[in-house]
1. Check the range 6-25 and report whether any residue there is touching a strand residue (DSSP E or B) at 6+ places or on another chain (Cβ under 6 Å), more than 23 Å from residue 114 (Cβ to Cβ), in contact (Cβ under 8 Å) with a residue 40 or more places away in the chain and assigned to a strand (DSSP E or B).
2. Considering only residues of the range 41-53 that are within 24 Å of residue 5 (Cβ to Cβ) and not in a helix (DSSP H, G or I), which is nearest to the chain's Cα centre (by Cα)?
3. Go through the range 54-71 and give me each residue that's surrounded by 11 or more Cβ atoms within 10 Å (Cβ to Cβ) and either outside any strand (DSSP E or B) or out of contact with any helix residue (DSSP H, G or I) (no Cβ under 9 Å at 6 or more places or on another chain) (or both).
4. State all residues of the range 26-40 that are surrounded by fewer than 12 Cβ atoms within 10 Å (Cβ to Cβ) and assigned to a loop (DSSP other than H, G, I, E, B); if no residue qualifies, say none.
5. Check whether at least one residue in the range 100-116 is modelled with pLDDT under 90 and either over 24 Å from residue 7 (Cβ atoms) or surrounded by 11 or more Cβ atoms within 10 Å (Cβ to Cβ) (or both), and report yes or no.
C-alpha cells in the first residue's frame, strides 16, 4: 500500500517546531562534510539553508527512525537546490533522556537521485 502524503499544514507545523528546537546540530557524517567542500559553503550557510526550508521542499515523512543507535523519533525528508545541486535533507525532532525536545539534521548532502516534492507548488 502506498504511503499517503501528509498535508501542507502538517509539513508547516513540523518545520515551525523543528526550527524552534533546532540548535544547529548536523550529524558529522562523511557525506555531509564532503557536501560542504563540494558546494564551497560554510556551516553557517548550511544552517541558513536548513532554516529557510519551506513546505514545497517536503519529500516524505514522517517515518520511524531506522538507526537503532539514534534516539527514537520520526524523520522527515526535504530537498532543496543549493548552488545548483539538489540536496537531500533529513530532519528529526526527538526527546532527550532529560525530557528536552531537540531538533537534529541527520543528512545534508547531494542527493543520490531524483527527489519528488509533492508540495512543490506550495508557497
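The values are calculated or read from the model by the stated rules, or taken from the named source; none is laboratory data. The structure presented is a predicted model; accordingly, all values stated were derived computationally and were not measured. Neighbour counts are summed over all protein chains in view; Cβ atoms, including those assigned to glycine, are modelled from backbone coordinates with ideal geometry.
1. Yes; the residues of the range 6-25 include at least one that is touching a strand residue (DSSP E or B) at 6+ places or on another chain (Cβ under 6 Å), more than 23 Å from residue 114 (Cβ to Cβ), in contact (Cβ under 8 Å) with a residue 40 or more places away in the chain and assigned to a strand (DSSP E or B).
2. Filtering the range 41-53 down to residues within 24 Å of residue 5 (Cβ to Cβ) leaves 49-53.
Pick out the ones that are also not in a helix (DSSP H, G or I) and you get 52-53.
Values: 52: 11, 53: 8 Å.
Ranking the candidates gives 53 first.
3. So in the range 54-71, the residues surrounded by 11 or more Cβ atoms within 10 Å (Cβ to Cβ) come out as 54-63, 65, 70-71.
54, 55, 56, 57, 59, 60, 63, 65, 70, 71 - these are the residues of the range 54-71 that are surrounded by 11 or more Cβ atoms within 10 Å (Cβ to Cβ) and either outside any strand (DSSP E or B) or out of contact with any helix residue (DSSP H, G or I) (no Cβ under 9 Å at 6 or more places or on another chain) (or both).
4. 28, 40
5. Kept after step one, since they are modelled with pLDDT under 90, are these residues of the range 100-116: 113-116.
Imposing the further condition that a residue be either over 24 Å from residue 7 (Cβ atoms) or surrounded by 11 or more Cβ atoms within 10 Å (Cβ to Cβ) (or both) reduces the set to 113, 115.
Scanning the range 100-116, I find at least one residue that is modelled with pLDDT under 90 and either over 24 Å from residue 7 (Cβ atoms) or surrounded by 11 or more Cβ atoms within 10 Å (Cβ to Cβ) (or both), so the answer is yes.
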